[in-house]
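The structure under discussion appears below in the form of structure tokens.
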Amino acid sequence: MHQLSSVERARRRLLSLVITFTIEMMVAFVISRYTATLRTYPLLMSFMPVISAISGNVGLQSSSIMTRALAVGLVSTKDSSRAIGRDLASALVLGLALGLLTGIVAGMWQNWLVFGLVVGIAQFLSILTAALTGSAAPLIGKWLHFDPATFAGPMETAIQDVVGNSFFLILASVLLDYFATT
């Protein structure tokens, strides 16, 4: 890729970014479906970029680890389930730690335990999703004959954003509304 012209480099990267754009439009749709929840609990909007950034970075780490493992021959597309499983085990630990941290901060900020629980659970689930997509995306890219390095990051980020925001807003609308009325 380093020897290619700027136009050719851009061309090879464009498809995964257009796919990412399309997937991210689903995020816009999901968020638009929960405007009433966001109006009722506006602090939720403050935690959306936190959840997305932390989860996205976990996913990018997973993607980088798997891309490197593919490049140096430590993993192939045929024996990848063990590597994905190991990454998910790490993500479980990261998700628990960071979900707890994010949930405590959110609960203290809002002075409402349920709010912290919603944010913490959403962070945990989003991290697991990000690690799964981050570790699987390079393998899928290689299988589809795309460069795993240019395919994985955009795919991981987009999928994690859709799933993470969906988890977050569904949890918020159900749990916060339920506990606000009891």
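The values are calculated or read from the model by the stated rules, or taken from the named source; none is laboratory data. Because the structure is predicted, anything quoted here is derived from the model rather than measured. Here Cβ is always computed from backbone atoms with ideal geometry, including for glycine, and neighbour counts include all displayed protein chains.
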Could you tell me whether Leu14 is under 29 Å from Gln123 (Cα atoms) and assigned to a helix (DSSP H, G or I)?
no
Of Thr181, Thr102, Thr157, which residue is over 20 Å from Ala28 (Cα atoms) and buried (at least 18 other Cβ atoms within 10 Å of the Cβ)?
Thr102
Residue set Thr37, Thr20; condition surrounded by 12 or more Cβ atoms within 10 Å (Cβ to Cβ) and modelled with pLDDT under 95; output residue Thr20
Over the range 86-113, the set of residues more than 24 Å from Leu44 (Cβ to Cβ) and either in contact with a Cys (Cβ under 8 Å, 6 or more places away or on another chain) or in contact (Cβ under 8 Å) with a residue 24 or more places away in the chain (or both) is Asp87, Leu88, Ser90, Leu92
